[in-house]
Amino acid sequence: MPIKTHLNGSSMTLSALECLQTYFIDSHATCILWHHDFPFELQTPANSEFIQYVNIWPDNLSQSLQQDIYDFAGFVEEQRGYGMEPDALVQKLTIAIRQSHCESFIAFQQDIEIFARSFYNASRMSVWRSLRNKFLFVYRKDLQQDTGTKAQFDDVIFRDQPNILIVEAECGNCSTFTLKTNKFIGPLAEHPEQLYVVDHYDGLSGKFELGVDLYMDKASNMQGREVTTGIFDYRPFTVVDYDREPQIKDMNSENPRGSAHIDGSEVRMLMALCKVVNCTIQTDTSEDDWGTSYPNLTADGIFGMITEGKSQYAVGALYFWPDDYRFLDMSLFIGRSGVTCLVPSPQRVTSWLLPFQPFQFTLWLGVFACLGVETLALFFTRHLAPSDTEPQYGLLESFQFGYITTLKLFVSQGSDYVVNSNTVRMVLFACYMMDTIVTSVYGGGLSAILTLPSLDEAADSVERLYRHGITWSATSPDWVISLSGAGDDPMYGPLLKKFRVNTYEQLTEMAKTENMGFVLERLAFGHFGNVDFLTDESFKRLKLMVDDIYFQYCFAFVPRLWALLPKLNEVIMAVHSTGLDIFWEWEVAASYMNGQQQEEIQASMYMDFDVGPVKLDMGNFIGLVLPLVVGVILSIFAFIGELIYFKYMAQKKIHDIQIVE
């Protein structure tokens, strides 16, 4: 990117810029806010690939927007729909970052202050983001306004961005240049936005005085600079305790002590980061919800604290939520969370089918086939077997003997029939032996069923939750944001319609009586979050689903262009590779949560049939009593029918006798 000079009065300044070009070669694109007192042009070096740069002319920006190939009018209308009115420079920077992926920026003289005010909004509106932004600001003291340099370099960008280089010249013809950068490190009370001299450049010799790295890695040692985490108590992900020690500074104005103890499986990732880069952790516990980011660059909840600059690190089982990621930034994944439910436990079933449950359907078919064979065998032997002491029985009498005797033998009852034929006796003996075996097996199966409870089906899987159609509930609509695109799914669409939002107090009461599901979070290594609504009374009637409705990876949300994000990602990968995240989850759960409750939640997923001796009640026999009751009722009707028939036949007989007489 060599620089061709056009004005002799600025040749020395441009010579200094030419020496700095190597720092921008690896950028996707470089945005240059041109200035009439610093004319130069860029060319691609012979040993470099194509370098993209975007020209921005602040002096006639409105006219250039009208002539640009991009539809800025449509972009402005879109932003107006969100209640925003971006100025011309914000528009140009936004589209330059979004479309050209500008990572490096160069501004001159009075445009530096204008650029600093516009850059953050432009970077958030552009959606695209980079972790390696560089800034080069050039100014001459003889062109400075009366306000001096202090007001020009006190914007938030000089406090929060480490890769800033400032070229200072006394005049246009000066051969010596002062190279400055912002301090960035150290406590905020020591003004990290302050500038200090890092090197000098001699335009005549073309050499630097010290030859240091002008874009040094400042984030490797923050020298105690504060990092504020915005969290609320959501164990085991985040822990806020106002009584435990040690405590750190709490920025919450409603906390009279001004300090709080924080911990958690996701908070410890920030603790590990600060051990690596030497930063100081403080917290802000003023919010108690995740919140939402809005297109007008505002937000509420812990996302709002990041947007307003009150915090730089927000965690608490935060999933990939596109509406928030659009305006903020995310770390690599720091954990996994599965969204599941506690659902009503299966209830004991009282069924009139109880007498049929000892045998399967196919075995019942075999039993009835066997009874049919017995009936036919007794029928034929009764009708055809010869006997000197018995008359020849007709077909109807033989059939009655066959099926009545078979039924009586099946229920272990004796028969009133007198049998003298040896053939019939042999068949009866065979039938008796077979029925005794079948009856014994049936009795054993029935005893097992009576001693083990019969339970109905619980809605303890995604498929059964959908099929049962029961309501499931949590405290925020954020629980189903990840399912927002599944409205047309045949299973998840109806599940979404059954989701309800309730407060913790309402969930606590509903969990005791209502037939519905209650959302939990299943962590990666066996623990559960969002369990505050559970009581001993409610837990006895609930069980854990065997699978997750869905799962998501958890992330830390940070401000756009946060300087420590690359370091945080390195720490996250190191923690995952060493297995520290497993240890953290178990230690936090053991220190801050009810271990017995955690074990009971996990155990509730499986049915415990080892219930010991149980007294039998009517529920165990209702299946047997019900056929008896039905049989008695039918017998009564049959008896009434027989009486009516008997009286009818008696009257008919008297009538026939009278006619004959």
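Look through Thr439, Thr423 and report the one residue that is β-branched (Val, Ile, Thr) and in contact (Cβ under 8 Å) with a residue 40 or more places away in the chain. Lay out the reasoning, then the answer.
Values: Thr439 fails: in contact (Cβ under 8 Å) with a residue 40 or more places away in the chain.
Thr423 is the lone residue from the list that is β-branched (Val, Ile, Thr) and in contact (Cβ under 8 Å) with a residue 40 or more places away in the chain.
Within the set Gln109, Gln99, the sole residue that is touching a residue at least 24 places away in the same chain (Cβ under 8 Å) and over 16 Å from Asn55 (Cα atoms) turns out to be Gln109.
On the stretch given as region 202-219, residues that are surrounded by 12 or more Cβ atoms within 10 Å (Cβ to Cβ) and either outside any loop (DSSP other than H, G, I, E, B) or among the aromatic types (Phe, Trp, Tyr) (or both) total 5. Look at (1) in a helix (DSSP H, G or I); (2) loosely packed, with under 15 Cβ neighbours inside 10 Å and you find that Asn420 fails only one, number (1). Within region 424-477, the set of residues being farther than 29 Å from Pro358 by Cβ, out of contact with any Phe, Trp or Tyr (no Cβ under 9 Å at 6 or more places or on another chain) and in a loop (DSSP other than H, G, I, E, B) comprises Gly469, Ile470. Here Ala474, Ala511 are screened, and the one residue that is surrounded by 18 or more Cβ atoms within 10 Å (Cβ to Cβ) and more than 20 Å from the chain's Cα centre (by Cα) is Ala511. Sub-6 Å Cβ pairs linking a first residue in region 567-595 that is touching a residue at least 60 places away in the same chain (Cβ under 8 Å) to a second residue that is part of a helix (DSSP H, G or I) and hydrophobic (A, V, I, L, M, F, W, C), at least 6 apart or interchain, are Lys567/Ala219; Lys567/Val277; Leu568/Leu273; Val571/Ala272; Val571/Leu273; Val571/Val276; Asp581/Val575, ordered by first then second residue. Asp199 falls short on exactly one of the conditions (1) in the same structural domain as Lys183 (by TED's automatic domain parsing); (2) of a type outside the set (Phe, Trp, Tyr); (3) surrounded by 13 or more Cβ atoms within 10 Å (Cβ to Cβ); (4) not in a strand (DSSP E or B), and that condition is (4). When the residues of region 253-308 are filtered to those that are touching a Leu at 6+ places or on another chain (Cβ under 9 Å) and hydroxyl-bearing (Ser, Thr, Tyr), the one that is surrounded by the most Cβ atoms within 10 Å (Cβ to Cβ) is Ser265. Being modelled with pLDDT of 95 or more and more than 26 Å from the chain's Cα centre (by Cα) narrows it down to one residue among Arg257, Arg225, Arg268; which is it? Checking each option against the conditions leaves just Arg225. Of the residues making up region 186-194, not a single one is part of a strand (DSSP E or B) and surrounded by 13 or more Cβ atoms within 10 Å (Cβ to Cβ).
Here Ile69, Ile56, Ile114 are screened, and the one residue that is of a type outside the set (Phe, Trp, Tyr) and without any contact (Cβ under 8 Å) to a residue 40 or more places away in the chain is Ile69. Being of a type outside the set (Val, Ile, Thr) and outside any loop (DSSP other than H, G, I, E, B) holds for only one residue in Arg129, Arg124, and it is Arg124. Scan region 293-310 for residues that are in contact with a Phe, Trp or Tyr (Cβ under 6 Å, 6 or more places away or on another chain) and assigned to a strand (DSSP E or B) and the total you get is 1. Within region 197-227, the set of residues being touching a strand residue (DSSP E or B) at 6+ places or on another chain (Cβ under 9 Å) and among the hydrophobic types (A, V, I, L, M, F, W, C) comprises Val197, Val198, Leu204, Phe208, Leu210, Val212, Leu214, Met216, Met222, Val227. Restricting the search to region 311-326, which residues are surrounded by fewer than 16 Cβ atoms within 10 Å (Cβ to Cβ) and either part of a loop (DSSP other than H, G, I, E, B) or modelled with pLDDT of 95 or more (or both)? Those that are surrounded by fewer than 16 Cβ atoms within 10 Å (Cβ to Cβ) and either part of a loop (DSSP other than H, G, I, E, B) or modelled with pLDDT of 95 or more (or both): Phe320, Arg326.
Looking only at residues of region 404-417 that are without any contact (Cβ under 8 Å) to a residue 24 or more places away in the chain, loosely packed, with under 13 Cβ neighbours inside 10 Å and not acidic (Asp, Glu), we find that the one that is farthest from His383 (Cα to Cα) is Gln413. Among the conditions (1) part of a loop (DSSP other than H, G, I, E, B); (2) closer than 30 Å to Thr298 by Cβ, the only one that Arg117 does not satisfy is (1). Selection of region 234-264 for residues being out of contact with any Ser or Thr (no Cβ under 8 Å at 6 or more places or on another chain) and within 24 Å of Ile334 (Cβ to Cβ) yields Tyr234, Arg235, Thr238, Val239, Asp241, Arg244, Pro246, His261. Is one or more of the residues making up region 522-538 crowded, with 17+ Cβ neighbours inside 10 Å and farther than 20 Å from Val239 by Cβ? Yes. What number of residues in region 546-567 are in contact with a helix residue (DSSP H, G or I) (Cβ under 7 Å, 6 or more places away or on another chain), part of a loop (DSSP other than H, G, I, E, B) and under 22 Å from Cys341 (Cα atoms)? Residues meeting the conditions: 2. Taking each residue of region 443-472 that is modelled with pLDDT under 90 and looking for partners that are polar (S, T, N, Q) with beta-carbon atoms closer than 6 Å, six or more apart or interchain, yields Ile449/Gln357; Leu450/Asn620; Asp456/Gln347.
The sole residue among Glu254, Glu287 that is acidic (Asp, Glu), over 27 Å from Phe525 (Cα atoms), in contact with a helix residue (DSSP H, G or I) (Cβ under 6 Å, 6 or more places away or on another chain) and in a loop (DSSP other than H, G, I, E, B) is Glu287.
Counting just the residues of region 151-185 that are part of a loop (DSSP other than H, G, I, E, B), within 42 Å of the chain's Cα centre (by Cα) and buried (at least 18 other Cβ atoms within 10 Å of the Cβ), which one comes out modelled with the lowest pLDDT? Spell out how you get there, then give the answer.
Initial filter on region 151-185 (part of a loop (DSSP other than H, G, I, E, B)): 151-155, 161-163, 170-175, 183-185.
If we keep only those that are within 42 Å of the chain's Cα centre (by Cα) too, we end up with 154-155, 161-163, 183-185.
Next, only the ones that are buried (at least 18 other Cβ atoms within 10 Å of the Cβ) stay: 155, 161-163, 183-185.
Numbers: Asp155: 86, Gln161: 94, Pro162: 94, Asn163: 94, Lys183: 94, Phe184: 94, Ile185: 95.
Step by step, filter region 151-185, then rank; the result is Asp155.
The values are calculated or read from the model by the stated rules, or taken from the named source; none is laboratory data. Bear in mind the structure is a predicted one, so any value in this text is a computation, not a measurement. FYI the Cβ positions are ideal-geometry reconstructions off the backbone, even for glycines, and counts take in every protein chain you see.
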